[in-house]
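Here is the structure we will look at.
The values are calculated or read from the model by the stated rules, or taken from the named source; none is laboratory data. Only a predicted model underlies this, so the values are computations on that prediction, with no experimental measurement involved. All Cβ positions, even for glycine, are placed from backbone atoms using ideal geometry, and neighbour counts span all protein chains on display.
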Amino acid sequence: MDISGNALVVGGAGGIGQACAVVLAKEGASAVVVADLDVKAAGEVVARCIQVATNSDFRAEAVHIDVTKEDSVQGVFRRMVELYGRVDYCVNCVGIGAEGPCDIASMPLAEFQRFLNINTTGTFLVTKEASVAMRAQKLRAVSPSGAFPNRGETRGSIVNLCSAASVGTVTGILPYTTSKHAQLGLSKTSALDNAPFGIRVNAICPSWTDTPMVQRANEGIEGHADYVKAKLPIGRMAIPDEIADAVTVGHPIQGLPRTVRYITTHNSQGKSVFLSTDVGDHHKELVNKSALANIIYSTHKHPVNLNNEVDVAYARKNEPGITVKGGTVCRLIDFAPGHVSPLHRVRSIDYCVVIEGTFRLVLDSGEERLMSRGDVTVQRGTNHRWINVTGSGTLPGRILFVLQDIQDLEIAGLRIDGDLGDLGKDYVGLPGHGAGIHQDKQDEF
Ligand SMILES: NC(=O)c1ccc[n+]([C@@H]2O[C@H](COP(=O)([O-])OP(=O)(O)OC[C@H]3O[C@@H](n4cnc5c(N)ncnc54)[C@H](O)[C@@H]3O)[C@@H](O)[C@H]2O)c1
């Protein structure tokens with residue numbers, strides 16, 4: 001998606017809210033205002049947004065909001081318009097969930113009203129003030145870069161985090177379900193009210209997502225964790241980044257699932273445990289946005305030093321070049337439909353595994369092979385290009401590359417260097433092997 005405007009993320013200090021704020025910053029928003037009851041935690045989210053922001057004019061700040069108070073909500077929108085000029089995206093991620101057993105026969109009125117107040121009245125106030133602010137601003141192109149020319153103009157976009165409990169229910173969450181059903185109704189009706197003004201209102205209805213809200217339920221309700229586990233068809237909860245993707249439609253190569261990366265470590269008893277769950281690092285658009293690289297890991301020495309997680313710190317901190325001298329790079333690349341990569345040679349030995357789709361791997365001799373899902377090529381420093389022919393060029397595809405450094409290479413009596421051709425532009429300034437020199441002959445092939 002073409003994200004370039006100002007975003008307000010309400011409840012931005014929470015699990016899903018912070019993922020939305022960070023993704024919006026990463027995708028190119030010009031400003032991200034993180035509003036939450038917990039302004040200290042909101043400040044920490046702002047710091048992460050600043051780290052990953054890609055818009056050169058990026059601004060961010062944390063503000064206090066209580067969505068149950070009209071003057072508080074109005075004040076945040078007023079401030080945002082005064083300081084930033086307009087509110088292009090408003091994502092409402094505030095919510096409370098069940099933290100203890102609840103049954104209709106024993107539910108105190110005050111507890112029921114607390115849910116309606118935060119989840120439903122809060123959504124009413126945020127959606128109302130977003131509508132007021134957006135109706136007062138001028139239309140702008142949905143896609144200012146021109147990448148999506150047929151999307152027309154908009155005054156803004158509002159997304160409310162509803163829930164699977166907005167359309168169904170399970171036992172024990174009566175006030176949550178009630179408030180979430182109402183929240184969905186509010187979102188649908190305000191979408192119709194706002195449509196003539198060029199303002200979109202959408203609802204996202206996630207199922208269980210691994211956030212503090214669910215962690216609190218696991219702690220407060222006996223058997224909740226096991227209950228959730230038994231109900232999950234894919235064996236795990238969603239992670240907040242996956243919900244943020246739905247909010248921003250942030251996957252530039254549409255139609256491929258977000259990859260989840262798990263990294264393991266050891267606890268103080270020496271048992272193996274999971275250290276982190278995320279979506280990879282150093283995401284990078286390649287070849288005029290027709291491919292997207294995701295660095296799963298990189299190392300810079302062999303053998304690798306795992307002590308004190310120094311390898312993890314290295315991989316997270318350093319965006320690798322196409323390869324790393326003396327090390328390895330594990331890179332996942334998503335290719336747009338019909339993508340044709342520049343002819344290039346990397347000074348490395350590459351294990352290439354097709355994860356999704358069908359590709360033609362074409363070598364500079366003219367030889368080629370058709371690779372389908374699960375096929376593997378061991379590429380030994382050869383000059384080649386990839387052509388994504390998935391669905392006859394109508395669908396995206398994905399390949400996992402593991403690259404390892406090699407010794408100096410001689411072919412037919414000549415010393416061979418890497419040559420990335422047009423791909424070199426995407427790796428300028430990164431460590432590892434050089435960006436290569438454009439090869440004039442590449443277009444003959
Ligand atoms: N986590 C899930 O499994 C799940 C599933 C479906 C829907 N949702 C919905 O997604 C949204 C976000 O959930 P989450 O899991 O990230 O929750 P979370 O508890 O991690 O975050 C909620 C945030 O809302 C803030 N907040 C609470 N009351 C507030 C108030 N009065 N004013 C301003 N901020 C307030 C909290 O400080 C917190 O930062 C909620 O609406 C939730 O109902 C979550």
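The table below lists the values:
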item	result
Criterion (of a type outside the set (Lys, Arg), more than 26 Å from TRP208 (Cα to Cα) and touching a Pro at 6+ places or on another chain (Cβ under 9 Å)) met by exactly one of SER143, SER131	SER143
Count of segment 281-308 residues which are surrounded by fewer than 20 Cβ atoms within 10 Å (Cβ to Cβ), more than 28 Å from GLN407 (Cα to Cα) and either modelled with pLDDT of 90 or more or in contact with a Cys (Cβ under 8 Å, 6 or more places away or on another chain) (or both)	1
Where a residue in segment 270-294 is in contact (Cβ under 8 Å) with a residue 40 or more places away in the chain and its partner, wherever it lies, is among the aromatic types (Phe, Trp, Tyr) and surrounded by 12 or more Cβ atoms within 10 Å (Cβ to Cβ), with Cβ under 8 Å and at least six apart	SER290/PHE335; ALA291/PHE335
Given (1) closer than 28 Å to ASP88 by Cα; (2) surrounded by fewer than 18 Cβ atoms within 10 Å (Cβ to Cβ); (3) of a type outside the set (D, E, K, R), number of the condition ILE234 does not satisfy	(1)
Single unsatisfied condition, GLN74 versus (1) surrounded by fewer than 16 Cβ atoms within 10 Å (Cβ to Cβ); (2) more than 21 Å from GLN183 (Cα to Cα)	(2)
Matching residues in segment 108-135 - criterion: being within 15 Å of CYS93 (Cα to Cα) and touching a strand residue (DSSP E or B) at 6+ places or on another chain (Cβ under 8 Å)	GLY122, THR123, VAL126, THR127, ALA130
Residues located in segment 41-56, provided they are within 16 Å of the ligand (Cβ to nearest atom) and crowded, with 16+ Cβ neighbours inside 10 Å	ALA41, ALA42, GLY43, VAL45, VAL46, ARG48, CYS49
All positions within segment 155-201 that are farther than 16 Å from LEU125 by Cα, away from the ligand (no atom under 14 Å from the Cβ) and not small (Gly, Ala, Ser)	ARG155, THR171, LEU174, LEU192, PRO196, PHE197, ILE199, ARG200
All positions within segment 6-35 that are within 20 Å of GLU82 (Cα to Cα) and either buried (at least 24 other Cβ atoms within 10 Å of the Cβ) or within 15 Å of the ligand (Cβ to nearest atom) (or both)	ALA7, LEU8, VAL9, VAL10, ALA29, ALA31, VAL32, VAL33, VAL34, ALA35
Filter result for ARG59 (within 16 Å of the ligand (Cβ to nearest atom) and either surrounded by fewer than 24 Cβ atoms within 10 Å (Cβ to Cβ) or modelled with pLDDT of 95 or more (or both))	no
Number of the exception - GLN215 against (1) polar (S, T, N, Q); (2) modelled with pLDDT of 85 or more; (3) within 19 Å of the chain's Cα centre (by Cα)	(3)
Test for ASP38: is it free of Cβ contacts under 8 Å to residues at least 40 places away in the same chain and near the ligand (Cβ under 10 Å from one of its atoms)	yes
Test: residue in segment 79-92 that is away from the ligand (no atom under 16 Å from the Cβ), in contact (Cβ under 8 Å) with a residue 12 or more places away in the chain, crowded, with 23+ Cβ neighbours inside 10 Å and more than 30 Å from ALA336 (Cα to Cα)	yes
Filtered residue count, segment 202-239, keeping only those that are farther than 17 Å from THR169 by Cα, among the β-branched types (Val, Ile, Thr) and within 13 Å of the ligand (Cβ to nearest atom)	2
Total residues in segment 42-62, condition closer than 15 Å to GLY85 by Cβ and either out of contact with any strand residue (DSSP E or B) (no Cβ under 9 Å at 6 or more places or on another chain) or not hydrophobic (A, V, I, L, M, F, W, C) (or both)	4
Single residue of GLU129, GLU111 found to be under 16 Å from ALA98 (Cβ atoms), away from the ligand (no atom under 12 Å from the Cβ), not in a loop (DSSP other than H, G, I, E, B) and not polar (S, T, N, Q)	GLU111
Any chance HIS283 is in a strand (DSSP E or B), of a type outside the set (Ser, Thr, Tyr) and away from the ligand (no atom under 15 Å from the Cβ)	yes
Subset of segment 309-319 [crowded, with 18+ Cβ neighbours inside 10 Å and of a type outside the set (D, E, K, R)]	TYR314, ALA315, ASN318
In segment 97-108, the residues that are within 13 Å of the ligand (Cβ to nearest atom) and buried (at least 18 other Cβ atoms within 10 Å of the Cβ)	GLY97, ALA98
Residues (under 25 Å from the mean Cα position of the chain (by Cα) and assigned to a helix (DSSP H, G or I)) located in segment 298-325	GLU309, ASP311, VAL312, ALA313, TYR314, ALA315, ARG316, LYS317
